[in-house]
């Protein structure tokens, strides 16, 4: 799914001041004419100037009506498109990271969550989606892709999360007040949309990745079909003839010959939904096929979204707007247009499609489900957080180490933690619990005995006299401070400042009763956490990166699904 470019070209008309005659004449003279008497010639010449004026007035009136009519039609079309935009809340969770922060040069990255819904909420979606037992039931977010546009607009990174990924779901509160409590166990990620809408899918991503998400765009079955039709088809490739259909009738029904085919309409939807028939028949293969489609669609979009073809352009714009639900920050045509212009700045060769590194879950009852791969999934998320290109080619902007005193650099603002700490209670009045979480999430290392007491003593030495070393433990790779209520935010920030922890380590959570310091795997000894290792400069191999210029990508076919 892509943004469409919407721009109207105005046409200017010019009318010459004279209507050409048979020859050139001096002002005030009558052109010579053949035949007739002098008096007849004089008599015939008298209406010329009034007739010219009448013609000019008529032409001017018609042109004025045409111009006004065109402007009125454009305005009405603009209002129609604006009225067609469907919106929903951006983030229904408690962990509000805020928008993306500008770099030292005042450039701001952009993070957009793309969501594909399997909603069967109307006749068209029901006809396309099948599965009559799910009609009018709660939808699933079967496609989830985080699109990161770099601050300097030199590159774009996309991370897909397989729909079978198991996560802890955050608490989500619908705009009407209905509360969906945080999950007590792992939940499949595509169920997030059932917890209040796309805003809860955004919240789940924010909770897992700690990436600030600026916008979301959600599309359903019929939206995919309309977009594929509007763009005129998308080229895709399969290594063998493929037919996605099992003996018991499962599968998308996709049937394509070996090689490249241009697909659109329902066939495009089948491609995006195909699992049986691609690679090993799992959701991972489907994700890779979606990447091939998205890259190809991006290339086709750049070919078609040109002002030289206004009919095609308007068709794309109409299809895109009718196909999507967006957050309230994208509720106007001009906002969507501006966003599409930003996205178009990135050449296809700097677009990198990846899949979140994963491992099959070993937990009881979760056969075939996956979980984020420890270490490598976080590396990918960190690269996005730190605006590092996934393709290893770096940034197109000046080095970040350049002097921040340059005229383009924004004025330095106090950090949220510093601002909050300034309004906190005195340390002696802040109650803090310290919990030993030094084993890390993967549990490969034993917890350091007595570590909670050691960090509690550090806080006591800094004036925090209401500190308790908890007997409960936890599992954190990086040290975090969690607090329960908004009233505790400033006090929690003050604790972070005292311990030398970054502002990003302070999180609101309904899993704690007060302010709790979780001493993580990164702080197994000493008076401060270990400095983080340098961020990776290229996506790990397990992310299965696909470059946007790669028009030779071709899907391997699962044995038994050829014809």
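The values are calculated or read from the model by the stated rules, or taken from the named source; none is laboratory data. These numbers come from a predicted model, not from an experiment. Cβ coordinates were reconstructed from backbone atoms using ideal geometry, including for glycine residues, and neighbour counts include every protein chain displayed.
Could you list, in sequence order, all residues of region 104-120 that are modelled with pLDDT of 90 or more and either not assigned by TED's automatic domain parsing to the domain that holds residue 222 or not in a loop (DSSP other than H, G, I, E, B) (or both)?
110, 111, 112, 113, 114, 115
Would region 126-138 turn up any residue that is modelled with pLDDT of 85 or more and more than 26 Å from residue 380 (Cβ to Cβ)?
Scanning region 126-138 turns up no residue that is modelled with pLDDT of 85 or more and more than 26 Å from residue 380 (Cβ to Cβ).
Return yes when residue 402 is over 27 Å from the mean Cα position of the chain (by Cα), loosely packed, with under 14 Cβ neighbours inside 10 Å, modelled with pLDDT of 75 or more and in a loop (DSSP other than H, G, I, E, B) and no when it is not.
On the way: over 27 Å from the mean Cα position of the chain (by Cα): yes; loosely packed, with under 14 Cβ neighbours inside 10 Å: yes; modelled with pLDDT of 75 or more: no; in a loop (DSSP other than H, G, I, E, B): yes.
Here the answer is no, as residue 402 does not meet what is asked.
Yes or no, residue by residue, for (1) at pLDDT below 95; (2) more than 14 Å from residue 512 (Cβ to Cβ); (3) outside any strand (DSSP E or B):
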position	(1), (2), (3)
414	yes, yes, yes
421	yes, yes, yes
433	no, no, no
447	yes, yes, yes
453	no, yes, yes
456	no, yes, yes
468	no, no, no
489	yes, no, yes
495	no, no, yes
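Does any residue of region 506-528 turn out to be farther than 30 Å from residue 353 by Cβ, under 31 Å from the mean Cα position of the chain (by Cα) and assigned to a helix (DSSP H, G or I)?
Looking through region 506-528, none of the residues is farther than 30 Å from residue 353 by Cβ, under 31 Å from the mean Cα position of the chain (by Cα) and assigned to a helix (DSSP H, G or I).
Out of curiosity, is residue 540 under 33 Å from the mean Cα position of the chain (by Cα) and either in the same structural domain as residue 350 (by TED's automatic domain parsing) or surrounded by fewer than 17 Cβ atoms within 10 Å (Cβ to Cβ) (or both)?
No; evaluated as a whole, the condition is false for this residue.
Which condition from (1) under 30 Å from residue 394 (Cβ atoms); (2) assigned to a loop (DSSP other than H, G, I, E, B) is the one that residue 542 breaks?
Looking at each condition in turn, residue 542 falls short on (2).
Sort through 159, 193, 213 and tell me the only one that's under 12 Å from the mean Cα position of the chain (by Cα) and within 23 Å of residue 368 (Cα to Cα). First the steps, then the outcome.
On the way: 193 fails: under 12 Å from the mean Cα position of the chain (by Cα); 213 fails: within 23 Å of residue 368 (Cα to Cα).
The match here is 159.
Is it the case that region 303-326 has a residue that's touching a strand residue (DSSP E or B) at 6+ places or on another chain (Cβ under 6 Å), surrounded by 21 or more Cβ atoms within 10 Å (Cβ to Cβ) and modelled with pLDDT of 90 or more?
yes
Could you check region 218-244 and list, in sequence order, the residues that are assigned to a loop (DSSP other than H, G, I, E, B) and at pLDDT 95 or above?
Listed by number, the residues that qualify are 239, 240, 241, 244.
Inspect all residues belonging to region 472-480 and state whether any of them is part of a loop (DSSP other than H, G, I, E, B) and at pLDDT 90 or above.
Within region 472-480, the subset part of a loop (DSSP other than H, G, I, E, B) is 474-479.
In the following step, the residues that additionally are at pLDDT 90 or above were identified as 479.
Yes, region 472-480 has at least one match.
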